[in-house]
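Below is one structure, written out as structure tokens; comments come after it.
The values are calculated or read from the model by the stated rules, or taken from the named source; none is laboratory data. Computed from a predicted model, the values in this text were never measured in an experiment. Cβ sites come from the backbone with ideal geometry, for glycine too, and all protein chains shown count toward neighbours. Each accessible area value is taken on the protein alone, full model and side chains, heavy atoms only, with ligands, DNA and RNA left out. Shrake-Rupley method; radii C 1.70, N 1.55, O 1.52, S 1.80 Å.
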Amino acid sequence: MELVIALALGVLTASGLYLLLRPTTFSVVLGLTLLSYAVNVLIFLGGRLGAKSPPLAVPGADTPADPLPQALVLTAIVIGFGMTAYLVALALKAKGECDTDHVDAGDAR
Amino acid sequence: MSHLPILPILVPFIAAAVLLLTHRRSTATKRAISLTSIVALLIVAAMLLITANDGTIHVYRLGNWPAPFGIVLMLDRLSALMVAVTAILGLAVLSSAMSGTDRQGRHFHAFLQLELAGLNGAFLTGDLFNLFVFFEILLLASYALLVHGGGLARTRAGLGYVILNLAGSALFLVSLGLVYGTLGTLNMADLSLVLTKLSAADQPLVRTALALMVAVFVLKAALLPLGFWLPGVYTSATLPVSVLFVIMTKVGIYALLRLSTIGLATAPFTAGLLQPWLPWLAVGTIALGSLGALAARRFAIVVANLVMISSGTLLLAVADGSPPALAAALYYMTHSTLVTAALFLMGDLIARQRGALADRLETGPRIATFMGLGAVYLVLAVAVSGAPPLSGFLAKLMVMQSLAHTPTAVAAWAALLISGLVVALVLARAASVIFWEPEKSDAAGPAPSPSIPMGIRTALVLMLAGAPLLAVVASPIASYARAAAEQLTAPARYVEAVIGPATRIERERRP
């Protein structure tokens, strides 16, 4: 299980980084999205994998799941969502102003 | 328990909410709300300075949760100083925006207040994840402020800035996830406790996580290989925004300072994390800033490169980490924030009087308010290049003295002295072009207006007063900075204030 998730994280991060380095804003946005997926899963894993740990601390039950990474990842998801929305709006504005979504559009050089 | 430490965050937040509700009202109403908030912030900052100066570290527990489980706000001398500098800069930004820039977009004042809330939060928090959240608040506000006024150049600069910072945020989250996964805490005081007891197997991973966090902070501080974004972003923003952005690099330096004194310095396996690479990169940043200033063809780009030089100087002192170096860094930070902000204002005033030439360093029409502006320029140039008798000289002297014993002392001294010479040269050359070589024929287009808007004048006077004032009252400020540095280099007291000696936290290591 750990190996599968670690590999998935690696693939997500690598594809995210590749897309981040592409010259069009659309692929950059996609790359950042993939990267933030990978990051969110990584934070979530800070609480360890466990399919059977109970969500609440009940006397007599097993060690409960760590609630903090869930709260952290929720915050990170919300912030990442807002930032991506802003980036998309900005990218559309840039595209509207120079008719292409190349990152160097309108460059004087 | 006094609620004072949370006020610097609450006041601008409430003002921002009110400003969003009243966004259809006239600009005058919005200015009044914004001004009220910043004046309140100034009063709160003064009270914080007085409260923090008694030497105790004040802990504000949000929701009264006990320390490592809840979020804490920490008030010590350093955070009080940073909040005060932010409030003063906020007043300058607001008064220069009142000259008409704030009319170019509906939400300028709301974003300004959100930015101030984010800055103050980042300076006060004692929790790493909370630091991330406040970083995002101030970044989101800065994204919006950067494109304020519109135009293709700003959109493009904004796009690069947003993408770079989103990547930085992802790196920050990776680091936080690893820190929580291995240490089981994000509270800075608790972090320093856990670091000292960490098993050898976990040490490499924690070291990597903290190194990633350092990378995020030096990205914000514009250290050499990560700092190329700075000149483009600072020079494409509208004037009040570029004045506000002067403090943005300082947030990164502040966060690094906190992390290194409370986290890194406490455990042997992380103590050397900043050495020996940081001083050399800081020297490189100073060199790059000097070269950039020499090559600049616009006055604003000269000033943006001065921001890089000041970042490099501060990082030299932070990398050293000894109490005298940190004290010097705090004095230098106050000085350089005020003076570079004033230079951005100066560049705008010059641009206003030169018509289409704007602030390009070419001969143009004669400056109408030659004497006044020239005198102000002279004061600022003396202060920023580090010549006596103004604050720049004292600040640079303190930094150089504190670095005398370090292995990189020769490089650091050379970088600081040569960069001072280069800055003086660049500013003198710019002055001779702008002030002394007027062109008789009016080739620059329509006659520019010689009047200086009231708001910008107020802001400039406010910032300008900083340089001589910091030199005149150097002794109390330097002793405050020394006391703050001593507080910083005694992390045990910080930990005791947050966790308390009696509390014992039972931890079981998760598999």
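Listed by first and then second residue, the pairs with beta-carbon distance under 6 Å, at least 6 apart or on different chains, first residue in the range A:70-98 and more than 23 Å from A:A38 (Cα to Cα), second acidic (D, E) and buried (at least 17 other Cβ atoms within 10 Å of the Cβ), are A:K95/A:D101.
When you look at B:A415, is it under 27 Å from the mean Cα position of the chain (by Cα), buried (at least 23 other Cβ atoms within 10 Å of the Cβ) and either under 27 Å from B:V283 (Cβ atoms) or at pLDDT below 90 (or both), yes or no?
Against the criterion (under 27 Å from the mean Cα position of the chain (by Cα), buried (at least 23 other Cβ atoms within 10 Å of the Cβ) and either under 27 Å from B:V283 (Cβ atoms) or at pLDDT below 90 (or both)), B:A415 qualifies.
I'd like to check something: does the range B:28-50 contain any residue that is within 24 Å of B:S192 (Cβ to Cβ) and either touching a helix residue (DSSP H, G or I) at 6+ places or on another chain (Cβ under 6 Å) or open to solvent by 30 Å² or more (accessible area, probe 1.4 Å) (or both)?
Restricting attention to the range B:28-50, the residues satisfying the condition of being within 24 Å of B:S192 (Cβ to Cβ) are B:48.
Now restrict to residues that are either touching a helix residue (DSSP H, G or I) at 6+ places or on another chain (Cβ under 6 Å) or open to solvent by 30 Å² or more (accessible area, probe 1.4 Å) (or both): B:48.
So far as the range B:28-50 goes, yes, one or more of its residues are within 24 Å of B:S192 (Cβ to Cβ) and either touching a helix residue (DSSP H, G or I) at 6+ places or on another chain (Cβ under 6 Å) or open to solvent by 30 Å² or more (accessible area, probe 1.4 Å) (or both).
Can we say B:T101 is in contact (Cβ under 8 Å) with a residue 12 or more places away in the chain, over 27 Å from A:L35 (Cα atoms), surrounded by fewer than 23 Cβ atoms within 10 Å (Cβ to Cβ) and not aliphatic (A, V, I, L, M)?
Working: in contact (Cβ under 8 Å) with a residue 12 or more places away in the chain: yes; over 27 Å from A:L35 (Cα atoms): yes; surrounded by fewer than 23 Cβ atoms within 10 Å (Cβ to Cβ): yes; not aliphatic (A, V, I, L, M): yes.
Answer is yes for this residue.
The one condition from (1) over 23 Å from the mean Cα position of the chain (by Cα); (2) polar (S, T, N, Q); (3) closer than 27 Å to B:G70 by Cα that A:T75 does not meet is (1).
Here is a list: A:S15, A:S53. Which entry is part of a loop (DSSP other than H, G, I, E, B), of a type outside the set (D, E, K, R) and more than 9 Å from chain B (Cβ to nearest Cβ)?
On the way: A:S15 fails: part of a loop (DSSP other than H, G, I, E, B).
Going through A:S15, A:S53 in turn, the sole match is A:S53.
Got at least one residue in the range A:66-81 being surrounded by fewer than 21 Cβ atoms within 10 Å (Cβ to Cβ) and not in a helix (DSSP H, G or I)? Yes: one or more hits. Against the numbered list (1) surrounded by fewer than 17 Cβ atoms within 10 Å (Cβ to Cβ); (2) part of a helix (DSSP H, G or I); (3) within 10 Å of another protein chain (Cβ to nearest Cβ), A:V29 comes up short only at (1).
Would you say B:Q487 is at pLDDT 90 or above and open to solvent by 70 Å² or more (accessible area, probe 1.4 Å)? Full working, then the answer.
Numbers: at pLDDT 90 or above: yes; open to solvent by 70 Å² or more (accessible area, probe 1.4 Å): no.
The answer is no for B:Q487.
For the range A:32-60, name all the residues that are open to solvent by less than 90 Å² (accessible area, probe 1.4 Å) and of a type in the set (S, T, Y).
Narrowing the range A:32-60 to residues open to solvent by less than 90 Å² (accessible area, probe 1.4 Å): A:32-36, A:38-43, A:45-50, A:53-54, A:57-58, A:60.
A:T33, A:S36, A:S53 - these are the residues of the range A:32-60 that are open to solvent by less than 90 Å² (accessible area, probe 1.4 Å) and of a type in the set (S, T, Y).
Could you tell me whether B:A319 is touching a Pro at 6+ places or on another chain (Cβ under 6 Å) and either part of a helix (DSSP H, G or I) or outside the structural domain of B:M333 (by TED's automatic domain parsing) (or both)? Explain how you work it out, then say what you get.
Working: touching a Pro at 6+ places or on another chain (Cβ under 6 Å): yes; either part of a helix (DSSP H, G or I) or outside the structural domain of B:M333 (by TED's automatic domain parsing) (or both): yes.
Yes; evaluated as a whole, the condition is true for this residue.
When B:G151 is tested against the conditions (1) open to solvent by 10 Å² or more (accessible area, probe 1.4 Å); (2) within 24 Å of the chain's Cα centre (by Cα); (3) closer than 30 Å to B:V302 by Cβ; (4) not hydroxyl-bearing (S, T, Y), the lone failure is (2).
Just one of (1) surrounded by fewer than 23 Cβ atoms within 10 Å (Cβ to Cβ); (2) touching a residue at least 12 places away in the same chain (Cβ under 8 Å); (3) outside any loop (DSSP other than H, G, I, E, B) fails for B:T340. It is (1).
For the range B:200-209, state whether one or more residues are under 25 Å from the mean Cα position of the chain (by Cα) and at pLDDT 90 or above.
Within the range B:200-209, one or more residues are under 25 Å from the mean Cα position of the chain (by Cα) and at pLDDT 90 or above.
Residues considered: B:L373, B:L306, B:L349. Of these, the only one that is on the phi < 0 side of the Ramachandran plot, part of a helix (DSSP H, G or I) and modelled with pLDDT of 90 or more is B:L306. Where helices (runs of 4 or more DSSP H) fall wholly inside the range B:149-243, the ranges with 3 or more residues that are farther than 28 Å from A:C98 by Cβ are B:152-183, B:188-196, B:203-220.
Count of the range B:394-412 residues, restricted to those that are in contact (Cβ under 8 Å) with a residue 12 or more places away in the chain and surrounded by 14 or more Cβ atoms within 10 Å (Cβ to Cβ), is 12.
State yes or no: is B:L291 surrounded by 24 or more Cβ atoms within 10 Å (Cβ to Cβ) and more than 30 Å from B:P491 (Cα to Cα)? If you could, list the steps in order and put the result at the bottom.
Details: surrounded by 24 or more Cβ atoms within 10 Å (Cβ to Cβ): no; more than 30 Å from B:P491 (Cα to Cα): yes.
It is false that B:L291 is surrounded by 24 or more Cβ atoms within 10 Å (Cβ to Cβ) and more than 30 Å from B:P491 (Cα to Cα).
Looking only at residues of the range B:65-82 that are open to solvent by 30 Å² or more (accessible area, probe 1.4 Å) and free of Cβ contacts under 8 Å to residues at least 24 places away in the same chain, we find that the one that is nearest to B:F129 (Cα to Cα) is B:F69.
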